[in-house]
Structure formats: structure tokens, C-alpha cells
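Input: a single structure, listed below in C-alpha cells.
The values are calculated or read from the model by the stated rules, or taken from the named source; none is laboratory data. Since the structure is predicted, the reported quantities are computational estimates derived from the model, not experimental observations. Cβ placement follows ideal geometry from the backbone for every residue including glycine, while neighbour counts extend to all protein chains displayed. Surface accessibility is based on the protein's heavy atoms, side chains included, excluding ligands, DNA and RNA. Shrake-Rupley method; radii C 1.70, N 1.55, O 1.52, S 1.80 Å.
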Amino acid sequence: MKPVKITDNIYWVGAVDWNIRNFHGYLTQKGTTYNAYLIIDEKITLVDTVKSSFFDEMLSRISAVVDPSKIDYIVSNHVEMDHSGGLPRLIEAAKNARIITSPNGERGLKAHYKADNWDFAVMKTGDRLDLGKRSLTFVHTPMVHWPDNMVSYLKEDKILFSNDAFGQHIASSECFDDEFPFDIMLEEAGKYYANIVLPYGSQVHKALEALTGLDIEIIAPSHGLIWRSYVPKIVKEYEKWAANETEDMAVIVYDTMWNSTERIAYAIQKAFDDKGISTKMMNLKTNHISDIMTHVLKARYICLGSPTLNNNMLPTVASFLTYLKGLAPKKRIGMAFGSFGWSGQSVGQIEEVLKEAGFELLNKVSIRYIPSEEQLQEVTESLKKQLVR
Ligand code: FEO
């Protein structure tokens, strides 16, 4: 297992998880990496570790550069186990290492690993750690992704170790943004933001403000590839996403029993089409909720449809709504629709959740049994009238 040199005396020593396809409910069709970074200076420093099952892979990369027992500092930017899982065994190998973390990081690591005898040094925002020729400065970034998160900035090499921020779930033998298809990287960065970071837009905004003024040439996240050629581009995307900026686009999400709700979905699509608004049709039987969120990140309009089954919306729709509500996109316009046989509660239930989520609402559509061509045309025309352009 070879380390990858990032700049002089700084190495990527993480692990590549080619096989993971579900990351706590998020489909990771391209796998992922757990990135750890080794800085060789007077004080030898490791920034983050890897998921516990990948410890040997990380250790073999570290060992190709330096004897692990010589590590002085282990920076733990984030407690979640995909980054701290390797710590207990690493502490065994690097017995004299101090763990550098945030106050919540110390509490979280102690709670996770019953690590009362580990040697912690707790950093506040702005604290500096002297490594010799270099120094690391720390900035707390709470809720990007857990309360403990912080980022570490290596001023002399202009590298930001950003942990979860700016990550993408991509397994790759390449290490840098200019070695990989950029469109795929950007899409995966968006999917990552939509499924992990989206609820914390205001915290992302604060974190970006705190980083303003730092001269950053490289962003080294804890998942996926390292940004070195497209740093301004990904920062700009994060600013946009954090501000909940959307595009003229509609995501039409639905499930259907006998295709009536699906026919309404296509009538809705026609209205957007006629108005020149781009659409994504997302049948919940064939699309995973985490993939739908990638489109929700950009879409101004979110239309959600379900027939009524046993006085309720379909379970697939309820599941998506729960996920959507938790991820809390803002500044969106919602619309509920569906078909029913006799009781017809689903559309009202969907609309209630969209309202609670703070969405502006378009008129709901609820049609009994099979919609006629005239009814479908009416759905299209009525929606077009609401889409004033
Ligand atoms: Fe990649 Fe929040 O852990």
C-alpha cells in the first residue's frame, strides 16, 4: 500500500473502500475513501484516521513513510467512526502521540472509546499548533457534520484539511481533482452535500466566513479526491448550496399503484415543460431517496405524489418525506398530488408535511380513480397559470 505525496513531506495515507454501497442509508454507488494525511516535520502529525476495518491499510501507508511509533500528534477533526475508528489501534502503535481535537471532540472520543487515559490537547478556534517548520491552525465548524467538527489549516503549505466538508463518496486510485472526470466529482460533491450537509446551511455559511482570508491552495477532505485545481469552484458551489440557491428546475417524486398518480405526474411535468422549466421524473420504485436528494439540492420546485393506501400515503413516499424533512431544504416551492379510490387522505398528508417544512405551496391535485384526458389537461393548464414567468 503506497502513500501518495501531496507536497513535500505531506502524504495521503488513507484507505480506499471500493465495496461500500450504503453509507448509513446513503447509496454510495462509487464507493468512498477515508482520508488520513501525514505531515513530516519536527513533530510528526497524522490528520484523522480511517474506519476501523481499514486500519491495516492506513498503517501500511504510514509505515512506508515513517515508523508509526514516531507520531507525535494525531489530529482528530471529527469523532464519527469513519474517521476516528482507527484511533484505538493507532494509539497502541503510537504510544506517545497526543490527540489534538475540539472540546466536543474530546467529549465524543471519550464517549466512543472510553478513552479516559488518552493524552488530549483541546483546541479552540484560532489556536495554533507548532510542528517545527510548519504550524496547524484550527477552526471549529460545528454541525459540518457533527457538533465536534473542526478543520485544520496548514499555513505554510496552504492546505485546508476540511474533514467532511468538500468531501465526495468516490473510491479512486487517483487522488486529485485534475486526475478524475470533473463533472462526476462535482455531482458526487453535490450528492454528498445534499445528503449530509444540507441541514446545516447556516453553519456552513459561518464556516466559510471563518475561512475567508485564509490563503488556500489545496482542500484535503476526509472523503474522495483532493481539490487542488478547482478550489475556487467548489468553494463557490458550497456558498451557493449553503444559501439554498436553486435553479429553474422541478423534481417530480412519486409512487403509483395503478398508474393514475403516475399519469398526474406526467401532466405536471408537461406544465413545467411548456414553461421551459427543466424536470426530473423520480419514481420512488426505481430511484433511491439519496439520489433524488442530489436533484432536490438544485431544484426550486418539489412535487410529491402518492395514491391513498389504507387511509395513508404509500410507505415509499412517507419514507422520502421523512428523509426530506430531516434534510430541511429551504426556499423551495412544493406541490402535493395523487389519486384515490374512496378516502383520499394522501395528498392532504403530503401537503401538511411540505407546509411544516416551510415550503411555499402550489395548488394540490387529487383525482378519484383514473384521471381522464380532460382532467390531466386541466392539471397541466392550472399549473401553468401558477407558474407565472
Ligand atoms: Fe465522514 Fe461525519 O463522517
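Summary table
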quantity	calculated
Potential extension, LYS114-ASP56 segment - 0.36 nm per residue separation minus Cα distance	18.7 nm
Hydrodynamic radius (Kirkwood) for the stretch 229-315, which is based on Cα pairs only, to one decimal in Å	14.4 Å
Three-way shape label, the stretch 61-143, alpha-carbon gyration tensor, a/c 1.5	oblate
Among SER366, SER152, SER76, residue whose mean-square fluctuation peaks in a GNM of the chain (springs only between Cα atoms under 10 Å)	SER366
Förster-model FRET efficiency, 30 Å R0, LEU361 and THR322, C-beta, rounded to 0.05	0.95
Estimated inter-spin distance, SER202 and ALA93, nm [label 7 Å along Cα→Cβ]	4.2 nm
In Hz, Karplus ³J(HN,Hα) per residue of the stretch 353-370 (6.51, -1.76, 1.60; θ = phi - 60°; x = Gly, Pro)	5, 5, 5, 4, 6, x, 6, 5, 10, 8, 4, 6, 10, 9, 10, 7, 6, 9
For the stretch 71-76, 3J(HN,Hα) per residue [Karplus equation, 6.51 cos²θ - 1.76 cosθ + 1.60, θ = phi - 60°, Hz, x = Gly/Pro]	5, 8, 10, 10, 7, 10
Chymotrypsin sites (Phe, Trp or Tyr not before Pro) lying in DSSP loop within the stretch 1-97, provided at most 14 other Cβ fall within 10 Å	TRP18
Accessible-area order (highest first, 1.4 angstrom probe) of the listed residues ASP274, ASP157	ASP274, ASP157
Prolate/oblate/rounded call for the stretch 9-54, Cα gyration tensor, a/c under 1.5 rounded	prolate
Hits among aspartates and glutamates - C-alpha to C-alpha of LYS285 under 13 Å, sequence gap 8 or more where chains match	ASP255, GLU262
Placed amide H near ILE6: partners under 5 Å, 5+ positions off or other chain	TYR11, TRP12
Set LYS43/LYS95; LYS275/LYS331; LYS275/LYS385 screened for pairs whose C-alpha atoms are more than 18 Å apart	LYS275/LYS331
Per-bin percent of Cα-Cα distances, the chain [20 Å]	28, 46, 22, 4
Rounded accessible area of TYR200 (nearest 10 Å², 1.4 Å probe)	50 Å²
SER135 long-range amide H proximity, modeled H, under 5 Å	LYS155, GLU156
Extreme residue, positive dipole direction of the stretch 250-386, given options SER382, LEU361, TYR266 (C-beta unit charges)	LEU361
Paired Rg and Dmax values of the stretch 250-386, which use every Cα atom, in angstrom	13.3, 37
Cα gyration tensor, the stretch 348-389 - rounded (a/c under 1.5), prolate or oblate	oblate
Around GLU156: net Lys/Arg minus Asp/Glu count, Cβ-Cβ under 15 Å	-1
Qualifying GluC sites (Glu not before Pro) for the stretch 82-184 [loop in DSSP, other Cβ within 10 Å: at most 14]	GLU174
Residues with amide H under 5 Å from that of VAL144, placed H, sequence gap 5 or more	ASN149
